[in-house]
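The values are calculated or read from the model by the stated rules, or taken from the named source; none is laboratory data. As the structure is a prediction and not an experimental result, all values here were calculated from the model. We place every Cβ from the backbone using ideal geometry, glycine too, and count neighbours over all the protein chains shown.
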DNA sequence: ACCTGAACACCGTTCAAGT
DNA sequence: ACCTGAACACCGTTCAAGT
């Protein structure tokens, strides 16, 4: 009779590190990087931290707050502006932000309704405002414009995110393309005329164009 | 002994109307209008239609498709453009769309990742393209610009939606405001300078300004 | 083809009771 | 104060079996 295999018990495992907000966020970040934000649930996180879901509520008010913390963590990897003209630097910065969020479309969606307020986000916002100021944009247009630019970048990442869920979205994209193709020029003359341009360009080209257009618009409005 | 009250049984109720996609969407629309999109779940809808959730999958592929149908339904209430100049009409149309979606922020969030392709949405898109064309905007800028304008309108509704969930968001808005107030002018000089303008203006003023800025930008980019 | 019961595999959050 | 087991009140989607 071979010795019965007993399941690894609590006391055989390495001592459970004490819970902390930072530890929680670190684990959440790892799960998000490896499997996407969908997998970062309170229950999963609790399991990974060897406790019950209720324990997490000592450190965050709710999932939205956790998502805000994750955004702030990602923002740490964003480089500050370089030394070119304010316009180019601004576009580069916002494009880098868009690219970063593009890898985490679910986070982008969450951020869109979040009003983030972490230190890294404030730094980022300050930099955008600074570049607009450097371009001579009056303070009101700079404030409203920075908001507009960040909203656009976030919404773009949320919309065209590139994780597995994008497979579904690709189906809908195809459905829209088909609907546009089949739209009769009689009832939809403008759609028919714009048919080819509606889906033209790469994501990068369109995003850069949009950022440029918004910057041009806000300086003259 | 008073007659025992028996619960209303299946056969005492009016004959169950046959399921149909239109019937489903109509009930979903009613629930969304009365209680918000959060309450429009497959299970709730099935209960309301006196069937099991599995039955709904005969008519829609998934919840995303249902949300697309709801948007198309709402779009039916949107008036076409009037007779003023293309610019004013375009802003009016997009503002009406924003206002409409503002009442259903969860739907706006869903639409942002949906690529809607319903007939009413195509009509709406065609109208936006038509107004830009009337303004002499070249077809490529019109196509990319229409996309940009619709994305902005949808994202704005998603962001500042006005249902009960807005109570939570108000808390986060307040937290951001507090963070901005407390941001030291030394480490966040641009935030400090823009402090007052960051939260100035009504939602309508800011949305109209943003739409105007984007239109100005896209015509010159 | 259309319809469904039941199951699969999960959720976020709260709360009373512990330490 | 910090932590937790257990419960509350739900989810979307699939699938085999019916009609």
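Screening residue A:139 against (1) surrounded by fewer than 19 Cβ atoms within 10 Å (Cβ to Cβ); (2) facing chain B (nearest Cβ under 9 Å); (3) more than 28 Å from residue B:181 (Cβ to Cβ) leaves a single unmet condition, (3).
Could you list, in sequence order, the residues of the stretch B:173-209 that are within 22 Å of residue B:152 (Cα to Cα) and assigned to a helix (DSSP H, G or I)? Result: B:173, B:176, B:197, B:198, B:203, B:204, B:205, B:206, B:207, B:208, B:209. Screening residue A:37 on (1) within 12 Å of DNA strand D (Cβ to nearest atom); (2) in contact (Cβ under 8 Å) with a residue 60 or more places away in the chain shows it passes everything except condition (1). If you go through the stretch A:175-192, how many residues are modelled with pLDDT under 95 and at the interface with another protein chain (Cβ under 9 Å from one of its Cβ atoms)? Matching residues across the stretch A:175-192 total 8. Counting only residues that are more than 16 Å from DNA strand C (Cβ to nearest atom) and more than 14 Å from chain A (Cβ to nearest Cβ), the stretch B:37-65 holds 1 of them.
Checked against (1) more than 12 Å from DNA strand D (Cβ to nearest atom); (2) part of a helix (DSSP H, G or I); (3) surrounded by 15 or more Cβ atoms within 10 Å (Cβ to Cβ), residue A:78 meets all criteria but (2). In the stretch A:210-221, the qualifying residues are those that are part of a helix (DSSP H, G or I), within 9 Å of chain B (Cβ to nearest Cβ) and in contact with a helix residue (DSSP H, G or I) (Cβ under 6 Å, 6 or more places away or on another chain), and the one that is surrounded by the fewest Cβ atoms within 10 Å (Cβ to Cβ) is A:216.
Among all positions in the stretch B:66-73, there is at least one residue which is more than 14 Å from chain A (Cβ to nearest Cβ), surrounded by 13 or more Cβ atoms within 10 Å (Cβ to Cβ) and away from DNA strand D (no atom under 16 Å from the Cβ). Of the residues examined, residue A:112 is one that is away from DNA strand D (no atom under 16 Å from the Cβ) and closer than 26 Å to residue B:161 by Cα.
Based on what the data block shows, is residue A:99 more than 20 Å from residue A:22 (Cα to Cα), within 12 Å of chain B (Cβ to nearest Cβ) and surrounded by fewer than 22 Cβ atoms within 10 Å (Cβ to Cβ)? For residue A:99, the condition - more than 20 Å from residue A:22 (Cα to Cα), within 12 Å of chain B (Cβ to nearest Cβ) and surrounded by fewer than 22 Cβ atoms within 10 Å (Cβ to Cβ) - is not met.
Go through (1) within 14 Å of DNA strand C (Cβ to nearest atom); (2) assigned to a helix (DSSP H, G or I) and name the single condition residue B:31 misses. The one condition residue B:31 does not meet is (1).
If you go through the stretch A:105-132 and pick out every residue that is more than 7 Å from chain B (Cβ to nearest Cβ) and not in a helix (DSSP H, G or I), you end up with 2. Scanning the stretch B:13-28 for residues that are surrounded by 13 or more Cβ atoms within 10 Å (Cβ to Cβ) and near DNA strand C (Cβ under 8 Å from one of its atoms) turns up just one, B:19. The C-beta contact set for the stretch B:41-65 (first residue exposed (fewer than 15 other Cβ atoms within 10 Å of the Cβ), second residue outside any helix (DSSP H, G or I), distance under 6 angstrom, 6+ apart or interchain) comprises B:50/B:16. Residues in the stretch A:110-127: is at least one buried (at least 16 other Cβ atoms within 10 Å of the Cβ), away from DNA strand C (no atom under 16 Å from the Cβ), at pLDDT below 95 and closer than 20 Å to residue A:204 by Cα? The answer is no, given that none of the residues of the stretch A:110-127 is buried (at least 16 other Cβ atoms within 10 Å of the Cβ), away from DNA strand C (no atom under 16 Å from the Cβ), at pLDDT below 95 and closer than 20 Å to residue A:204 by Cα.
Number of residues in the stretch A:42-61 that are touching a helix residue (DSSP H, G or I) at 6+ places or on another chain (Cβ under 8 Å) and part of a loop (DSSP other than H, G, I, E, B): the value is 4.
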